[in-house]
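Okay, structure first, notes after.
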């Protein structure tokens, strides 16, 4: 049995009290450096691996401070506040002594409560009725995900028209399929291609500067979802002077909203 | 001319290289400790006041690690990465040597680009046609904001019914009116009462643990908005085992989307 490329990518080696070492994965290479979703997952892993960890992740914010270079990196993850059932973490990633990423993580021991999905999953065809996105892949990491676009696929032509909406909906999962965990949900939160490419169908330079993920699931819900498809929806709310936001949801096939996520992205026009 | 209570609340005194001292404001007192929106604004102020600041805030994430006690606090704000036109900050707030808040801030020099508001302001009556929320105020800070609810006002009775939606829409501004700036937009992002109180009409214990604000405006747009009303909309997407999210928008009367914001909130049921 071979190791899944995602597990290989997020493997860290402990190098000190609050310190880990990792390396970028060619399997998740982006145009320049690695896919940001996996970088976010590596930052989260430093917390998940920490012996002092209390509970499970509820929120994660990752700030991409500089391009991550291919190769090794150092992660520091410090629990700065531990309460009775909650914990706050500060994380940073360095290469050659320079900060390339900062992150904060909030973890908690959850308790069973009244629950509800208020943002209901839209009605869409089943995964088996939607074609998998094919064709040549621009960058390596895209091949690590199976994507079946229901709406707003990657532009087949750069017609530079204003398409009036930036919304995409797609079924997605790891390729090959892999049981979900917190790290893979963090990575899946960044799978959506930049909304300005969808809205304007123009391949302008972009870069995510900050991403936040809220987890609405514990280990049990993730285990139930298994290696199944997630429905992802992503849409921008505003484009303004070089930065736009995108807000996204990830539902299981059964309609459980596993995660909601937001990011702000640089664009050059 | 007297100082506006908000300016008094967010005033900081420099106490070292990257350090400031401030104090909680009785004018913005909450049930226990201060209103979190003003705490977030104070954290942002430590960056805005910093002599090394490059550009204007694009994103802010604040993690409320512990209840802030009434009285003084120490803020540290460090620029951990400065690029050509962007900057990443790590902030923490301490009381008696304990971390009570962590934050990250991303600032940038913006450039004029193609822009669009994709999440359009909903059609609602004008502020003058909507009654100001009256009656006794539960906590002091609520009196520092004028709120005119179009939909989803603070429950007049705790009927403990599932109202099926958590959405609120309201016109809001500082009271007395005050020209908008980045700090006041950060505080306004936290004005929405907890969505579970709206959805369930039951006053369960709650507490925001993390909030993110994306600014879609520069100084010029804020100056144009002046001391006018903002339309605020807030809604939860998921409630799960002790934590729910709420996502919100703040538009100017002219329909410019100034800020989008998200938070995750503890609830006990």
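Coordinate-derived values only; no laboratory data. Quick caveat, the model's predicted, so the values are computed rather than measured. All Cβ positions, even for glycine, are placed from backbone atoms using ideal geometry, and neighbour counts span all protein chains on display.
Observations, loosely collected:
- Counted residue by residue at 0.36 nm each, then reduced by the alpha carbon distance between them, the extension gain from residue B:84 to residue B:23 reaches 18.5 nm.
- Cut-off 11 Å (backbone N to label point 7 Å along Cα→Cβ of residue B:52), residues of segment B:89-115: B:89-90
- Sorted from shortest to longest, the distances between the residue B:138 label points of this copy and the other copies are 4.7 nm, with each point 7 Å from Cα along the line through the beta carbon.
- Sorted into 5 angstrom bins from 0, the C-alpha pair distances of segment B:210-269 split as 4, 17, 24, 19, 13, 10, 7, 5, 1 percent.
- Length gained on full extension, residue A:178 to residue A:131, computed as 0.36 nm times the residue gap minus the Cα-Cα distance: 14.9 nm.
- For chain B, the mean residue ellipticity at 222 nm estimated from helices alone is -3500 deg cm²/dmol, where every DSSP H run of n ≥ 4 contributes -39500 (n - 2.57) and the total is divided by all residues, rounded to the nearest 500.
- Rounded, prolate or oblate (a/c below 1.5 giving rounded, otherwise prolate when a/b exceeds b/c) for segment B:1-81 by Cα gyration tensor: prolate
- Each of A:163, A:216, A:119 has some number of other Cβ atoms within 10 Å of its Cβ, and from fewest to most they run A:163, A:119, A:216.
- Look at the stretch A:87-96: the mean tally of other chain Cβ atoms within 10 Å of its residues' Cβ atoms is 3.
- Placing dummy labels 7 Å off each Cα toward the beta-carbon, the span from residue A:162 to residue A:66 is 3.8 nm.
- When both segment A:52-91 and segment A:192-208 are represented by their alpha-carbon centers, they are found 28 Å apart.
- Rounded if a/c under 1.5, otherwise prolate or oblate - the protein assembly as shown, Cα gyration tensor axes: rounded
- 15 Å cut-off, amide nitrogen to a point 7 angstrom out along residue B:8 Cα→Cβ, residues in segment B:147-191: B:175-177
- Dividing the convex hull volume of the alpha-carbon atoms in segment A:21-172 by its residue count gives 175 Å³ per residue.
- Kirkwood-Stokes translational diffusion coefficient of segment B:127-251, alpha-carbon pairs, 4 °C, 1.567 mPa s, µm²/s: 84 µm²/s
- Length-normalised contact order for chain A - Cα pairs under 8 Å, 6+ apart - percent: 17 percent
- Per residue, the convex hull volume that the Cα atoms of chain B enclose (Å³): 142 Å³
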